[in-house]
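Have a look at the structure below, then the notes.
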Amino acid sequence: MKFDSVGTFNFPVIVIDRGSSVTRKSFDLEVAAFVAALETAGVEVTRMSNTETLVNSAQLLSRTSAVVVPLHDQELSATEGADQAFIFETRKLIADIRSRNADLPIFLYGETKTSKHLPNDLLKELHGFIHMY
C-alpha cells in the first residue's frame, strides 16, 4: 500500500496474468502495455500469476480497487472443452472474489470479439469489459 503526498491511501488494481505460451506471446505484450498505461496514469498495479493467490489473500482483496482478468480469445475458441474449462475457472474466480468482497469491481480485458463467447450469467457479474482494440 502506498501513500500519496497528502497521506491518502492508494488501492491497487490487480491484473491476473495466468502465464504465457507461444500462442499467447503477442497477447502478453498487449497486457504488459495495458499495465504500463495504467501505471503511467498513476494507478498502482499488482500483477498476479494465478487466481489462487488472489482469492486466498483476504487482506489483499480488502484493499484492492479492482480486478482485471485478461482474456485471450484462443482460450475460448480452441475447443469446446477448453471453452467450458475456461468458463468454469472464470466463474469460480468470480464466486471466490464475491464471497470475500461483494462490491469489488471485476473487469475482463481482451479482444472485442471475445466477449460474445461468454455466457450472460458470467457477464452480469462483471463491471465491464475492457476492449483491447
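The values are calculated or read from the model by the stated rules, or taken from the named source; none is laboratory data. Since the model is a prediction, treat every value here as computed from it, not as a measurement. Glycine gets a Cβ as well: all are built from the backbone with ideal geometry, and neighbour counts include every protein chain shown.
Go through the stretch 119-132 and give me each residue that's in a loop (DSSP other than H, G, I, E, B) and either modelled with pLDDT of 80 or more or surrounded by fewer than 13 Cβ atoms within 10 Å (Cβ to Cβ) (or both).
At the first step, the residues of the stretch 119-132 found to be in a loop (DSSP other than H, G, I, E, B) are 119, 124-127, 132.
Of everything in the stretch 119-132, those that are in a loop (DSSP other than H, G, I, E, B) and either modelled with pLDDT of 80 or more or surrounded by fewer than 13 Cβ atoms within 10 Å (Cβ to Cβ) (or both) turn out to be Pro119, Lys124, Glu125, Leu126, His127.
For the stretch 61-72, indicate whether the set of residues that are in a helix (DSSP H, G or I), surrounded by 12 or more Cβ atoms within 10 Å (Cβ to Cβ) and modelled with pLDDT under 85 is non-empty. There is at least one residue in the stretch 61-72 that is in a helix (DSSP H, G or I), surrounded by 12 or more Cβ atoms within 10 Å (Cβ to Cβ) and modelled with pLDDT under 85.
Among the residues of the stretch 92-99, at least one is among the β-branched types (Val, Ile, Thr), more than 18 Å from Val35 (Cα to Cα) and under 15 Å from the mean Cα position of the chain (by Cα).
For the stretch 73-110, residues that are modelled with pLDDT of 70 or more and not in a helix (DSSP H, G or I) total 10. Here Thr51 fulfils each of the conditions (1) of a type in the set (Ser, Thr, Tyr); (2) modelled with pLDDT under 75; (3) surrounded by fewer than 13 Cβ atoms within 10 Å (Cβ to Cβ) apart from (3).
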